[in-house]
Amino acid sequence: MPVFVKELMGNKQIMQADPNKDKVKVLQAKIRDLLKKRNAILLVHNYQRPEIQDTADLCGDSLELSIKASKTDADVIVFCGVHFMAETASILCPEKRVILPVLNAGCPMAGMITAKQLIEKKKEMPDAVVISYVNTTAEVKAESDICCTSANAIHVANSVDPSRQILMTPDKNLARYTKSKTDRKISYWNGYCPIHNNLTVDQVMKVKEAHPKALFLAHPECPPEILDLADEVKSTSGMIAYAGSSSSNEFIIGTEEGILYPLSKANPNKLFIPADPDMICADMKRTGLTEVLRSLENLGPEVKVPEQTRQKAKAAVERMLAVPVK
Ligand code: 13P
Ligand code: SF4
């Protein structure tokens, strides 16, 4: 259906078609049609572009998307996110075809540790339990004991025997946050998300002063001095759930800007202010509707984890999925 833009000309209102919005609707309809024909499911991370989110079968955080991938009976999974997310789906569903529409959409943090580096580190800490963030390659997961996401890191750490030393990789900020919330012995790798790690106290204070009534919700990938200023520390979907149930009407959001769309969509009467409008993950924005449509037509690019690596990585991901999250 065409979308009309009202344009005031003198006293006369004219209706004008918005060609871009029409193009979006056409692409979305073609994608939904092909998804059906291919028995495919479209999984979309909360940071993706709005028009991609609006086409999804499920939008969510890393944990929700992993759970959905592990349970779907679709033949094809189209993953709109970054490479490690599609790899996680491939680890869990080897019999399905997992497609990442833009193959070079990566996560810079996942690139901050290699399997070789982890193997060397484990030699220094032979008794440590390795907890790796899902934002890692399949090879790093294969060298880890258990995975975690931003939504379950504390629960995962608490599932480890308290007498054991823990090594968390690769995100130092998620590790330090988890350490502050448990009595477990946690060492960590020195990786970080460039987008979250760059958020400064000065910037947050400036936004807080401009919006004194707003609650500040921050992602655990932010540095400790930022998390100290937060009213709540949440995963991306955790923020959406919290904002919906909170009696507050204004929120400052300390994570990638893509989350503002689902937050506003779920809570149209509430105000969401970015802690820093420059928090944009270029990799998360690489995917457009055209790439999704092309990937469904070609059934590629496919992401497939080699079987030996997959078996080992699967054990770490499945141990994570077995940890109950209240
Ligand atoms: P969530 O699991 O909270 O969605 O986070 C994923 C991510 O990459 C954050 O930068
Ligand atoms: Fe990776 Fe950061 Fe982008 Fe998330 S926002 S995908 S952690 S670079």
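The values are calculated or read from the model by the stated rules, or taken from the named source; none is laboratory data. Keep in mind that what you see is a predicted model, and the values were worked out from it rather than measured. Counting neighbours? That spans all protein chains shown, and the Cβs are built from the backbone with ideal geometry, glycine included. The accessibility values were calculated without ligands, DNA or RNA, using every heavy atom of the protein model including side chains. Shrake-Rupley method; radii C 1.70, N 1.55, O 1.52, S 1.80 Å.
Data table
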{"item": "Subset of segment 216-243 [under 22 Å from residue 264 (Cβ atoms), more than 19 Å from the chain's Cα centre (by Cα) and aliphatic (A, V, I, L, M)]", "result": "230"}
{"item": "Flag if residue 156 is among the aliphatic types (A, V, I, L, M) and assigned to a loop (DSSP other than H, G, I, E, B)", "result": "no"}
{"item": "Qualifying residue in segment 158-170 (condition: buried (at least 22 other Cβ atoms within 10 Å of the Cβ), more than 16 Å from ligand 2 (Cβ to nearest atom) and under 14 Å from residue 276 (Cα atoms))", "result": "no"}
{"item": "Positions within segment 46-104 being more than 16 Å from ligand 2 (Cβ to nearest atom), among the hydroxyl-bearing types (Ser, Thr, Tyr) and over 14 Å from residue 303 (Cα atoms), in sequence order", "result": "55, 70, 72"}
{"item": "Residue 110 vs. criteria open to solvent by less than 80 Å² (accessible area, probe 1.4 Å) and within 16 Å of ligand 1 (Cβ to nearest atom)", "result": "yes"}
{"item": "Looking only at segment 164-207, and only at residues there that are of a type in the set (Lys, Arg) and more than 15 Å from ligand 1 (Cβ to nearest atom), the one that is farthest from the chain's Cα centre (by Cα)", "result": "164"}
{"item": "Any chance residue 29 is on the phi < 0 side of the Ramachandran plot, open to solvent by 20 Å² or more (accessible area, probe 1.4 Å) and part of a loop (DSSP other than H, G, I, E, B)", "result": "no"}
{"item": "Those helices (runs of 4 or more DSSP H) lying entirely in segment 205-268 with at least 3 residues modelled with pLDDT of 95 or more and open to solvent by 40 Å² or more (accessible area, probe 1.4 Å)", "result": "236-245, 260-266"}
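Every residue, every condition in (1) under 29 Å from residue 255 (Cα atoms); (2) touching a residue at least 60 places away in the same chain (Cβ under 8 Å); (3) of a type outside the set (Gly, Ala, Ser), yes or no:
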| site | (1), (2), (3) |
| --- | --- |
| 30 | no, yes, yes |
| 33 | no, no, yes |
| 38 | no, yes, yes |
| 68 | yes, no, yes |
| 72 | yes, no, yes |
| 76 | no, yes, yes |
